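The values are calculated or read from the model by the stated rules, or taken from the named source; none is laboratory data. Every value quoted in this text rests on a predicted model; they were computed, and no experiment measured them. Cβ placement follows ideal geometry from the backbone for every residue including glycine, while neighbour counts extend to all protein chains displayed. Just so you know, the surface numbers come from the protein's heavy atoms only, side chains and all, with ligands and any DNA or RNA stripped out. Shrake-Rupley method; radii C 1.70, N 1.55, O 1.52, S 1.80 Å.
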Amino acid sequence: MNYFSLNKKKDKGFSLIELVVVVGVLAVLSAIAIPSFICFPKRARATTALASLRQIKTECALKEAEAKPEIFTSSALDGYTIQTSGSNSCAGSNGVIRVLPYNANELPTIYLTTASGSLTYKFKGKTGTDFYEFLGMICGD
């Protein structure tokens, strides 16, 4: 008779308590992480719109310096539309090029004032130039 074989426990898996603890920890982690992941697409759309407007600003400045026709290249934006005089003129509509969201409750409107080259946003009743702030406002931070 082997003494060691009699005293060995037959642990070949996890106990029910261990499984409950692991499921509980995963539930807490997912409750913290899921709201952040839900917000990523909205922030990505707003960031893309801002980058597109900055690209338009740069393109218009280059065309002005080279004395070329001041018409920017339009791009399709997910969740946004670019509003200008209709011909993609760098002069904009009344001196402003707007990037308008399809849903103004979820995404900010971004403005490029063509005379000064300044970028501003309007979102949830606030207007400003701090784009880190508006990215935080998208998800209610």
Test for Glu133: is it open to solvent by 70 Å² or more (accessible area, probe 1.4 Å), touching a helix residue (DSSP H, G or I) at 6+ places or on another chain (Cβ under 9 Å) and farther than 13 Å from Leu53 by Cα | no
Condition met for Gly95 (closer than 30 Å to Ile32 by Cα, over 13 Å from the mean Cα position of the chain (by Cα) and open to solvent by less than 50 Å² (accessible area, probe 1.4 Å)) | no
Neighbours by Cβ (under 6 Å, 6+ apart or cross-chain): first from the stretch 51-70, closer than 14 Å to Tyr111 by Cα; second polar (S, T, N, Q) = Ser52/Ser75
Among residues of the stretch 75-97, those that are in a loop (DSSP other than H, G, I, E, B) and not hydroxyl-bearing (Ser, Thr, Tyr), counted = 10
Please indicate, with yes or no, whether at least one residue in the stretch 58-73 is surrounded by 13 or more Cβ atoms within 10 Å (Cβ to Cβ) and within 15 Å of the chain's Cα centre (by Cα).
-> no
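Could you check, for the stretch 117-132, whether at least one of its residues is modelled with pLDDT under 85 and not basic (Lys, Arg)?
Yes, some residue in the stretch 117-132 is modelled with pLDDT under 85 and not basic (Lys, Arg).
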